[in-house]
Amino acid sequence: MITFILICVTLAIIYFYIFEWKYKYWQRYGIPFVKPKFPFGTMKIGGEKHLGYHLLDDYLKLKNKGPIFGWYRLLEPVIVVSDPKLAKDILIKDFKSFHSRGLYENRRDEPMISHLFILSGQQWKQMRDKLTPVFTSGKMKYMMPTILNVAQELVNAMSDEMKIDSCLDMKEWMARFTTDVIGTCAFGIECNSLRNPDAKFREMGRRVLDFGLNFKRVIFGQNFPKFAKLIRMKVLSSNIREFFFGVIKETLEYRDQNKVKRNDFIDLLLQMWNKNKTNDEKDWDMDGLSTWEIAAQAFVFFLAGFESSSNALSYTLLEFAKNMDIQNKARDHVREIIKKNGDKITYEMLQELDYLDQCLLENLRKSPLGPFVFRVANENYPVPNTNYTIYKGQSVFIPLLGYQLDPEYYPNPDEYKPERFETKESRNSQVFMPFGDGQRICIGERFAKMEIKLALTLLLMNFEFSLSEKTVYPPVLNTNVPIMAIKEGLYLNVKKLK
């Protein structure tokens, strides 16, 4: 009987803690909020609709009720910023109060995830300063011929495949292309996944992105970081960690011993690695980096680079197939600019592809890879025009997909209309930020745009894309991950142009 009473009392206390205290947080402060459901709060993971579209629906319902509204990540109350001006202040003007993403990091047990995307504070600043030189326009020019060679191999491999079947899975082809690009630029090796879809790097790319369970670990680590570190929780599987570390270590040693120089990402990392070998102190103030730290930066470059670019390419080709007039206009524009530049494809020529730029930006508006940007307050921050203060340690979500599909800012937001970005003035930088904004804007933005435009240039010059019976529009998304990744194949009819 006593045991039964103790169980009832314990359950009553847990119920009160969750439903009367934690889940009534926003109610106590008078902030509009979305009603949570145990155990995930309002972060609906899995199911038929993607998390980004759940947030879009909530944003459209509550955006006129104040500059912020409340959400819940598990038991944690998080802030969603419905006012774009406040979002800009958080990302730019008041960056010092929100310089951290607050993602789970366990450098002791899993150094592979101590990379630029996750690091915060002084560690992030020092790493950003070290890596910035590799993404200058000068470095992009050096990498351009390498990427052009991969793009030409893409055309050749697709042409060979079309002898068998002209309906191609463009999601898979774009993933293989970007895998080979990142493999050669970030790891200095020939992946050859365009010719071999089962190549090791392509296989690892699939494994890294098939992380539904691991994403839940990330969420758990964000909410309970001390406990996660206590139990030495890891996000990546051991075979992924060992593979990427082994590739980087082997590449660094080979280049160092054979004095190989290619003006790529690995060259910069090699310089830091050599500096590190002369230091006995393993701290974050030195110029050098350890092999694990270098492997972590190369890993995030691979993770961010191949999936984001392949997704953008896939979505753009899908829109081209659905809107043949836009595809033809883009192709004519590419031909005109190439002819103007003496039939040569150069870095400078890519900068002249204004209409292709518009097509890409409109695609990123409709289908950004990341539907939201997130930050954590590192000091108390009074929210203007409210009685609420964002407390130190609270998470803040900025709903990019909400802003970019809001008819107030973009009339008929579901329509693919590149002309929205005809002039810089019409781009509405207040709400359009597919690469983030402020000091933590995506460091690889310039690289990604070059890679995507180069691929689209060669694809438009060589092929025509149209919808097939197997095409699913809009595409089905993987609802187990936060990024808006296409779940199944993206099949298009492809016709070789003479």
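The values are calculated or read from the model by the stated rules, or taken from the named source; none is laboratory data. Given the structure is predicted, the values throughout are model-derived calculations rather than measurements. Note: ideal-geometry Cβ built from the backbone for every residue, glycine included; neighbour counts use all protein chains shown.
Just one of (1) in contact (Cβ under 8 Å) with a residue 24 or more places away in the chain; (2) out of contact with any Leu (no Cβ under 8 Å at 6 or more places or on another chain) trips up Arg107, so point out which.
Going through (1) in contact (Cβ under 8 Å) with a residue 24 or more places away in the chain; (2) out of contact with any Leu (no Cβ under 8 Å at 6 or more places or on another chain) one by one, Arg107 breaks only (1).
Within the range 236-277, take every residue that is assigned to a loop (DSSP other than H, G, I, E, B) and not small (Gly, Ala, Ser) and give me the one that is surrounded by the fewest Cβ atoms within 10 Å (Cβ to Cβ).
Of everything passing the filter in the range 236-277, Lys259 is surrounded by the fewest Cβ atoms within 10 Å (Cβ to Cβ).
Filter the range 56-99 down to the residues that are within 14 Å of Ile390 (Cα to Cα) and among the polar types (S, T, N, Q) and list them by number.
Selection gives Ser97 alone.
How many residues, within the range 375-433, are assigned to a loop (DSSP other than H, G, I, E, B), among the basic types (Lys, Arg) and in contact (Cβ under 8 Å) with a residue 24 or more places away in the chain?
The qualifying residues number 1.
I need every pair where a residue in the range 111-131 that is surrounded by fewer than 20 Cβ atoms within 10 Å (Cβ to Cβ) has its Cβ under 9 Å from the Cβ of a residue that is among the hydroxyl-bearing types (Ser, Thr, Tyr) and assigned to a helix (DSSP H, G or I), sequence separation at least 6 or different chains.
Cβ pairs passing all conditions: none.
Out of everything in the range 35-63 that is in contact with a strand residue (DSSP E or B) (Cβ under 6 Å, 6 or more places away or on another chain) and either at pLDDT 90 or above or part of a helix (DSSP H, G or I) (or both), what residue ends up being nearest to Asn223 (Cα to Cα)?
In this case the residue turns out to be Pro36.
Answer yes or no: is there a residue in the range 329-345 that is closer than 30 Å to Leu86 by Cα and buried (at least 23 other Cβ atoms within 10 Å of the Cβ). First the steps, then the outcome.
Kept after step one, since they are closer than 30 Å to Leu86 by Cα, are these residues of the range 329-345: none.
Looking for residues that are closer than 30 Å to Leu86 by Cα and buried (at least 23 other Cβ atoms within 10 Å of the Cβ), one finds none in the range 329-345, hence no.
When the residues of the range 463-488 are filtered to those that are in contact with a helix residue (DSSP H, G or I) (Cβ under 7 Å, 6 or more places away or on another chain) and surrounded by fewer than 18 Cβ atoms within 10 Å (Cβ to Cβ), which remaining residue is modelled with the lowest pLDDT?
Here the answer is Tyr473.
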